[in-house]
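What follows is a single structure, written as structure tokens, with notes after it.
The values are calculated or read from the model by the stated rules, or taken from the named source; none is laboratory data. Please read these numbers as outputs of a predicted model, since none were measured by experiment. With ideal geometry, Cβ positions are generated from the backbone for all residues, glycine too; neighbour counts draw on all protein chains shown. Only protein heavy atoms, including side chains, enter the accessible area calculation; ligands, DNA and RNA are left aside. Shrake-Rupley method; radii C 1.70, N 1.55, O 1.52, S 1.80 Å.
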Amino acid sequence: MSSDSMKPTPRPGILDIAAYVPGKEHAPGVARVFKLSSNETPMGPSPKAIDAFKQSAGHLEIYPDGQATALREAIAEVHGLNKANILCGNGSDELLGLLCHVYLGAGDEGIITEHGFLVYKIQIMGAGATPVVVKEKDCTVDVDAILAAVTEKTKIVFLANPGNPTGTYVPVSEIRRLHAGLPGNVILVLDAAYAEYVRRNDYQAGIELVSGARNVVMTRTFSKVYGLAALRVGWAYAPLEIIDALNRVRGPFNMNAAAIAAGAAAVRDQEFVAMAVEHNLTWVEKVTTALTALGLKVTPSVANFVLIHFPEVDGKRAAEADDFLTSRGFILRAVKGYGFANSLRMTIGSEEANRGVIDALTEFMGRS
């Protein structure tokens, strides 16, 4: 065979993966745009995080701390954890990928839920394993469906709690029941990216379960309530054996110095976090009430977004609403890829943005 006809070929299965497509950012022809498609906080980052970021600029010639010690210590201090059980990463996405890289291979299965974060499927397939999708019930994770899907091939279960794009959550009693029903060699990954926003007595992010188990991992992010999405900061809390395995394959300097410094300052500024959470709680309720009054169905959310379902009526469907909103500078997230062909996800934004969406949808729905 001629060398001219040969080319590098990805291993089997890679080209079957549908690449992740983020929410759109632009509204052509519109002077002012409110981007409500990526669950970014309208409050921005803590001023203390910004100061820490700026201070790091004076030492760009020096490699960052490969152990992210300052960030791990800050997280441990705020949450009352042992820093040895904390691993930080380039966003929680990196940590999800590392878990698949280390614990999955050809012939293995990873369980994900019907409306779960699309990155789970991508990482499972990227590791050469098979994703097994289980149905949800009323936009909420169904523990019995997950347990019914477990086989001897199952090695990992991904569960976003709260869920994205649904905003629903699984009570801690159900999470414990799920864990109790899993074989000891199956890792339960609790993706708690939106945990800071939840104010329900029956919710736990996963810290307590990790502390008492050998096969549970909790992942968290600084991209949401902490407002550090541009820096890509995530962390995992896991048993020491799992931390050790992940550390053996992660990049030696997987986090940059600015991210470490800003993250440490951000997590310690819990007063700023409380302000952001209070804004979100107020506006989730106001947006849900207003949109429901327009005849739209809104899935009850404990996160910083709402899932809006549109009528199956010509001229009033989600795609048409998306075009209408975009033309007025309001960018929401189409969620067809998550199994919601006639819905849009709206991030809770500033007061101006939220009121603007309500007014625009009032006009779209033909209400005055």
*Answer residue from segment 311-320, given it is under 12 Å from Gly366 (Cβ atoms) and touching a residue at least 12 places away in the same chain (Cβ under 8 Å) and is least open to solvent (accessible area, probe 1.4 Å) among those*: Pro311
*Check Arg220 against each of (1) open to solvent by less than 10 Å² (accessible area, probe 1.4 Å); (2) outside any loop (DSSP other than H, G, I, E, B) and name the one condition it does not meet.*
(1)
*Only one residue in Val143, Val150 is closer than 21 Å to Met218 by Cα and open to solvent by 10 Å² or more (accessible area, probe 1.4 Å). Which one?*
Val150
*Is at least one residue of segment 108-120 within 30 Å of Glu351 (Cβ to Cβ) and aliphatic (A, V, I, L, M)?*
no
*surrounded by fewer than 18 Cβ atoms within 10 Å (Cβ to Cβ), part of a loop (DSSP other than H, G, I, E, B) and in contact (Cβ under 8 Å) with a residue 24 or more places away in the chain, is that true of Tyr203?*
yes
_Among (1) touching a residue at least 60 places away in the same chain (Cβ under 8 Å); (2) out of contact with any strand residue (DSSP E or B) (no Cβ under 8 Å at 6 or more places or on another chain); (3) assigned to a helix (DSSP H, G or I); (4) farther than 30 Å from Gln67 by Cβ - the single one Phe272 does not satisfy_ = (4)
*Is it the case that segment 226-238 has a residue that's modelled with pLDDT of 95 or more, part of a loop (DSSP other than H, G, I, E, B), surrounded by fewer than 21 Cβ atoms within 10 Å (Cβ to Cβ) and not basic (Lys, Arg)?*
no
*Would you say Ile243 is touching a strand residue (DSSP E or B) at 6+ places or on another chain (Cβ under 9 Å) and more than 30 Å from Asn185 (Cβ to Cβ)?*
no
*Any residue at all in segment 169-188 that is open to solvent by less than 10 Å² (accessible area, probe 1.4 Å) and under 19 Å from His79 (Cα atoms)?*
no
*Do you know which residues across segment 306-348 are closer than 16 Å to Phe34 by Cβ and among the polar types (S, T, N, Q)?*
Thr326, Ser327, Thr347
*Within segment 94-116, identify whether any single residue is in contact with a helix residue (DSSP H, G or I) (Cβ under 6 Å, 6 or more places away or on another chain), without any contact (Cβ under 8 Å) to a residue 40 or more places away in the chain and either open to solvent by 10 Å² or more (accessible area, probe 1.4 Å) or within 15 Å of Val189 (Cα to Cα) (or both), and answer yes or no.*
yes
*Return yes when Ile308 is hydrophobic (A, V, I, L, M, F, W, C), modelled with pLDDT of 95 or more and under 22 Å from Gly227 (Cα atoms) and no when it is not.*
no
*Looking at (1) in a helix (DSSP H, G or I); (2) of a type outside the set (Gly, Ala, Ser); (3) over 20 Å from Glu77 (Cα atoms), which is the only condition Val302 fails?*
(1)
*Going through segment 280-297 one residue at a time, which ones are buried (at least 18 other Cβ atoms within 10 Å of the Cβ) and either among the aromatic types (Phe, Trp, Tyr) or under 20 Å from the mean Cα position of the chain (by Cα) (or both)?*
Asn280, Trp283, Val284
_Selection status of Glu363, modelled with pLDDT of 95 or more, more than 20 Å from Thr282 (Cβ to Cβ), surrounded by fewer than 18 Cβ atoms within 10 Å (Cβ to Cβ) and of a type in the set (D, E, K, R)_ = yes
